[in-house]
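*Asks:* Below you will find the structure I want to go over with you.
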Amino acid sequence: MTITLNNRTETFQTSPMSIAQIIEEKNYRFRMLVVKLNGRIISGDDYPRTMVHNGDRLDIIHLVSGG
Amino acid sequence: MTVSQNIASVLGIKTVGIAGAGGLGSNVAPALVRSGVGKLIIADYDTVSESNLNRQFYFANQIGRPKVEALRENLLRINPRAAIAVHHCRITEDNAGLVFGSCDVVVEAFDKADEKKWFVEWMSLHYPEKPLVMASGIAGWGNMETLRIQRSDNVYICGDQTETEGKNVPLLAPRVTLVAMMQANIVVDILLKDSTL
């Protein structure tokens with residue numbers, strides 16, 4: 001499937017994939033994430049069961065302390 | 001009218017909220033006052049300490065005072081006619097709407113990642129149309145090319161988004177201020193958008 005991940009076109013071998021699978025495949029090792037699927041915030045508990053489909057827009061934001 | 005006059009007339013009627021008055025918020029605020037933003041609403045629960053002076057817009061004789069009060073005083077020295085509303089409190093789900101509901105744009109300038117997270121999630125749920133300009137990843141020095149802006153709908157995230165916790169990477173004035181200026185620059189851009197200048 002081809003999705004827009006953080007405003008870039010990205011292709012994955014399998015479709016659909018859960019948000020948790022995408023985080024795993026991208027090797028994101030972030031502690032504090034904000035995830036938006038098609039503009040909607042997805043809470044951490046829902047990453048394994050929220051499926052991402054071809055054409056979806058996924059934003060994964062990494063929040064780091066310091067301000 | 002000149003372009004500068006047009007900018008002044010547009011920014012002069014805008015309100016910007018700043019959530020946090022540390023290294024980010026205390027530096028974003030003077031940039032916006034100097035740019036001519038009509039009203040700032042600033043919230044922070046902390047007081048000025050000596051360790052803040054290496055990067056935050058405070059002075060040695062303000063140590064011990066609530067940051068929002070010291071910041072208001074400093075901003076009024078720049079422009080005595082600026083409208084600066086301050087709230088010396090912690091922003092929570094109970095007061096965030098009251099404090100920032102009237103703002104055209106809100107700047108997230110908290111310190112801790114978990115505060116940033118609840119705030120962006122809360123704002124996205126309750127005020128999805130309101131632009132939110134955040135910062136994530138500002139520690140260290142050099143590495144200017146890693147500073148970037150990620151946009152997700154009405155949320156803008158400035159910084160390198162790189163974890164430094166546990167690595168003892170300090171917060172230093174140049175890089176903190178750079179990211180604060182990225183935030184201020186985006187705020188001005190959003191406020192001037194759609195205006196004929």
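The values are calculated or read from the model by the stated rules, or taken from the named source; none is laboratory data. Keep in mind that this is a model prediction, so the values were computed, not measured. Note that we place each Cβ from the backbone using ideal geometry, even for glycine, and neighbour counts take in every protein chain shown. Note: areas computed on protein heavy atoms with side chains; ligands, DNA, RNA excluded. Shrake-Rupley method; radii C 1.70, N 1.55, O 1.52, S 1.80 Å.
*Asks:* Determine whether residue B:159 is of a type in the set (Gly, Ala, Ser) and either modelled with pLDDT of 95 or more or within 26 Å of residue A:8 (Cα to Cα) (or both).
*Replies:* Yes, satisfied.
*Asks:* Hey, another quick one. Only one of A:37, A:58, A:63, A:5 is within 30 Å of residue B:172 (Cα to Cα) and at pLDDT 95 or above. Can you tell me which?
*Replies:* The match here is A:63.
*Asks:* Of the numbered conditions (1) open to solvent by 70 Å² or more (accessible area, probe 1.4 Å); (2) within 14 Å of chain B (Cβ to nearest Cβ), residue A:25 fails exactly one; give the number of that condition.
*Replies:* All conditions are met except number (2).
*Asks:* Just the residues that are open to solvent by less than 70 Å² (accessible area, probe 1.4 Å) and farther than 27 Å from residue B:165 by Cβ, please, taken from the stretch A:1-14.
*Replies:* Of everything in the stretch A:1-14, those that are open to solvent by less than 70 Å² (accessible area, probe 1.4 Å) and farther than 27 Å from residue B:165 by Cβ turn out to be A:1, A:2, A:3, A:4, A:10, A:12.
*Asks:* Still on this model: Of the residues that sit in the stretch A:38-50 and are away from chain B (no Cβ under 11 Å) and touching a strand residue (DSSP E or B) at 6+ places or on another chain (Cβ under 6 Å), which one is nearest to residue B:166 (Cα to Cα)?
*Replies:* That would be A:48.
*Asks:* Now for a different question. Counting just the residues of the stretch B:143-175 that are within 10 Å of chain A (Cβ to nearest Cβ) and of a type in the set (Ser, Thr, Tyr), which one comes out farthest from residue A:28 (Cα to Cα)?
*Replies:* B:152
*Asks:* For the stretch B:108-127, indicate whether the set of residues that are in contact (Cβ under 8 Å) with a residue 12 or more places away in the chain, of a type in the set (Phe, Trp, Tyr), more than 30 Å from residue A:37 (Cα to Cα) and in contact with a Lys or Arg (Cβ under 8 Å, 6 or more places away or on another chain) is non-empty.
*Replies:* no
*Asks:* Are any of the residues in the stretch B:58-72 of a type in the set (Ser, Thr, Tyr), out of contact with any Gly (no Cβ under 8 Å at 6 or more places or on another chain), over 30 Å from residue B:195 (Cα atoms) and open to solvent by 10 Å² or more (accessible area, probe 1.4 Å)?
*Replies:* Within the stretch B:58-72, one or more residues are of a type in the set (Ser, Thr, Tyr), out of contact with any Gly (no Cβ under 8 Å at 6 or more places or on another chain), over 30 Å from residue B:195 (Cα atoms) and open to solvent by 10 Å² or more (accessible area, probe 1.4 Å).
*Asks:* Could I ask something else about it? Identify all residues within the stretch B:126-169 that are over 27 Å from residue B:101 (Cα atoms) and small (Gly, Ala, Ser); write none if there are none.
*Replies:* Listed by number, the residues that qualify are B:139, B:140, B:142, B:166.
*Asks:* Then there is this: Report whether or not residue B:87 is modelled with pLDDT of 95 or more and under 15 Å from the mean Cα position of the chain (by Cα).
*Replies:* The answer is yes for residue B:87.
*Asks:* If the Cβ limit is 9 Å and pairs must be 6+ apart or interchain, which residue in the stretch B:166-187 that is closer than 13 Å to residue B:143 by Cβ and without any contact (Cβ under 8 Å) to a residue 60 or more places away in the chain pairs with which residue that is among the polar types (S, T, N, Q) and outside any helix (DSSP H, G or I)?
*Replies:* Listed by first residue and then by second, the contacts come to B:175/B:143.
*Asks:* Residue by residue through the stretch B:19-43, note down the ones that are assigned to a helix (DSSP H, G or I) and aliphatic (A, V, I, L, M).
*Replies:* B:28, B:29, B:31, B:32, B:33
*Asks:* List the number of the failed condition for residue A:40; all other conditions in (1) open to solvent by less than 60 Å² (accessible area, probe 1.4 Å); (2) closer than 30 Å to residue B:18 by Cα; (3) not aliphatic (A, V, I, L, M) hold.
*Replies:* So residue A:40 meets the others, but not (1).
*Asks:* Can you report the number of residues in the stretch A:38-67 which are assigned to a strand (DSSP E or B) and closer than 30 Å to residue B:43 by Cβ?
*Replies:* Final tally of qualifying residues: 7.
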